[in-house]
Amino acid sequence: MFQSRIGGIGFYVPERVVTNEDLARHMDTSDQWIQERTGIKERRYAEGGKESTSSMGANASKIAIERAGIEASDIDFIIFATLSPDYYFPGSGVLLQRELGITNTEIGALDIRNQCTGFVYGLSIADQYIKTGMYKNILLVGAEFHSMGLDYSTRGRNISVIFGDGAGALVLQATEEEGSGILTTHLHSNGNFAEELAFISPGAHGGYHGNEEMYEFPDVEFGGMFITETMLKEGLTFPNMNGQLVFKNAVRKFPEVIMEALKKTGYDPTDIDLLVPHQANLRISEFVQRIMKLPSEKVFNNIQKYGNTTAASIPIALCEAWESGLVKKGDLICLAAFGSGFTWGSALIRW
Ligand code: ACO
């Protein structure tokens, strides 16, 4: 049986830096509040009209493909994780295929919708395909264009200050070298919390959150089949989050799912060379670090610079850690994520 290993990794963040002070000019917030509660100092925003979720994904992919020493035409499957796709449909995977000039129609492109855990879900899917011998070079991308869909009024401040734009990509390749590459992945979900961190409208949810009035025929006046006056008036066309509930669950589930991966492979927390958690909030990472009794140098955080980039946060962080020499051959790397759904997951990698 094949193992899957990371052949190449890359990331892309837009040039435009948006500081906490920049946000404070639009809403009632402050640099101090944002840094104290989230650790975030600044984030990047993509350039509207020029950049897109798939174009950022393509920028990250080109670096990953080059580092893997292959051509885009060698990719035999694409997995694209995002909650901010270019279009409602089709998914961003096919757009990425086009953007990379992959004309081979033998390949498949899969979009996955698992928010902050999207990249770990994608890694797990890719790993299964490689293990069974179905694919040899899978391009796995996480990309987000959050800045397009945030509420920049004071009403949306609990969410808007957290998120940023960017993309990360991996090329996952088949290897026969035992005990290296992806050692294990673990995925979980609990749909009972679906609306606690969600972007609900517009959506085909008929009768929930302002959709009641479109039961007979939608009113085209509001710009599309699913948008109603109530949704616009009540700000339902923006993401919502029960921050404290998310926090409480995240700090429980991160350690649980990390321990699950360690137990499965016979390792202890002390064996981890680097934990790369989803960059949800610096306070969540610090909490997890304390529970896991890990020293600071074994937990990588870059949310201070990029904010929470959801599906892109793990590959951006992993790539930056690798570029700065913190990930070396033979290291045991742990990835873990928690987010909307709720969904959560982990992966252990022998680099
Ligand atoms: N600036 C200033 N004040 C704010 C802001 C802001 N940006 N946002 C909220 N407030 C105010 C609230 O209005 C509230 O005011 P009030 O007391 O007058 O009503 C006060 O601050 C406290 O609000 P809470 O929502 O209770 O703030 P909390 O201390 O919980 O911090 C936060 C909010 C940072 C979102 C926190 O709940 C948290 O970290 N939650 C985890 C969620 C998270 O990190 N999500 C990331 C995305 S999900 C993921 O990736 C897993």
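The values are calculated or read from the model by the stated rules, or taken from the named source; none is laboratory data. Keep in mind the model is a prediction, meaning the values are calculated, not measured. Positions of Cβ are backbone-derived with ideal geometry, glycine not excepted, and every protein chain shown enters the neighbour counts. Remember, those area values only see protein heavy atoms, side chains included, never the ligands or the DNA or RNA. Shrake-Rupley method; radii C 1.70, N 1.55, O 1.52, S 1.80 Å.
Can you pick out the pairs among K298/K329; K264/K298; K233/K253 whose Cα atoms lie more than 27 Å from each other?
K233/K253
Can you check what the net charge comes to around V18, using other residues whose Cβ is under 10 Å from the Cβ of V18 (Lys, Arg +1; Asp, Glu -1)?
-1
Could you give the length gained by full extension between H188 and E15, i.e. 0.36 nm per residue of separation minus their alpha carbon distance, to one decimal place?
58.8 nm
Would you list which lysines come within 20 Å of K62, measuring only between C-alpha atoms, while excluding same-chain residues fewer than 8 positions from it?
K62 reaches K50, K136.
Between Y88, Y45, Y152, which gets the highest mean-square fluctuation from a Gaussian network model of the chain, Cα cutoff 10 Å?
Among Y88, Y45, Y152, the largest GNM mean-square fluctuation belongs to Y88.
For D268 paired with M148, estimate the spin-label separation in nm (one decimal), with each label point 7 Å from Cα along the Cα-to-Cβ line.
Label-label distance for D268 and M148, simple model: 4.8 nm.
Determine by what factor the alpha-carbon radius of gyration of the stretch 40-118 differs from 2.2 N^0.38 Å, reporting the quotient.
1.14
Using a cut-off of 13 Å between beta-carbons, work out the net charge of the residues near W322 (Lys and Arg +1, Asp and Glu -1, W322 not included).
Taking every Cβ under 13 Å from that of W322, the sum is -1.
Grab the beta carbon distance between E36 and E297, set R0 = 25 Å, and tell me the FRET efficiency rounded to 0.05.
Values: r = 23 Å, r/R0 = 0.93.
Calculated transfer efficiency: 0.60.
I'd like to compare 255-266, 289-300: which one has the highest average count of other Cβ atoms within 10 Å, and what's the full order after that?
Most protected by this proxy first, the peptides run 255-266, 289-300.
What list of ³J(HN,Hα) couplings, whole Hz, do you get for the stretch 311-328 from phi and the Karplus terms 6.51, -1.76, 1.60, once you set θ to phi - 60° and write x for glycine and proline?
5, 8, 5, 5, x, 5, 5, 4, 5, 5, 4, 5, 5, 8, x, 8, 10, 10
How much area per residue is accessible in the chain when the probe is 1.4 Å and only protein heavy atoms are counted (Å²)?
I get 44 Å² per residue for the chain.
Is the shape of the stretch 80-135 rounded, prolate or oblate, going by the alpha carbon gyration tensor and its root eigenvalues a ≥ b ≥ c, with a/c under 1.5 for rounded and a/b larger than b/c for prolate?
It is oblate, given that a/c is not under 1.5 and a/b is not larger than b/c.
Considering only protein heavy atoms and a 1.4 Å probe, what is the carbon-and-sulfur percentage of the accessible area of the chain?
C and S atoms contribute 51 percent here.
What is the distance in Å between the Cα centres of the stretch 239-265 and the stretch 71-110?
Each part's Cα centre sits 30 Å from the other's.
More than 30 Å apart: what percent of Cα pairs in the chain qualify?
34 percent
Within a Cβ distance under 11 Å of I65, other residues only, what is the Lys/Arg minus Asp/Glu net charge?
Here the count lands on -1.
Report, to one decimal in Å, the Kirkwood hydrodynamic radius for the stretch 3-175 based on all distinct Cα pairs.
So the Kirkwood estimate lands at 16.8 Å.
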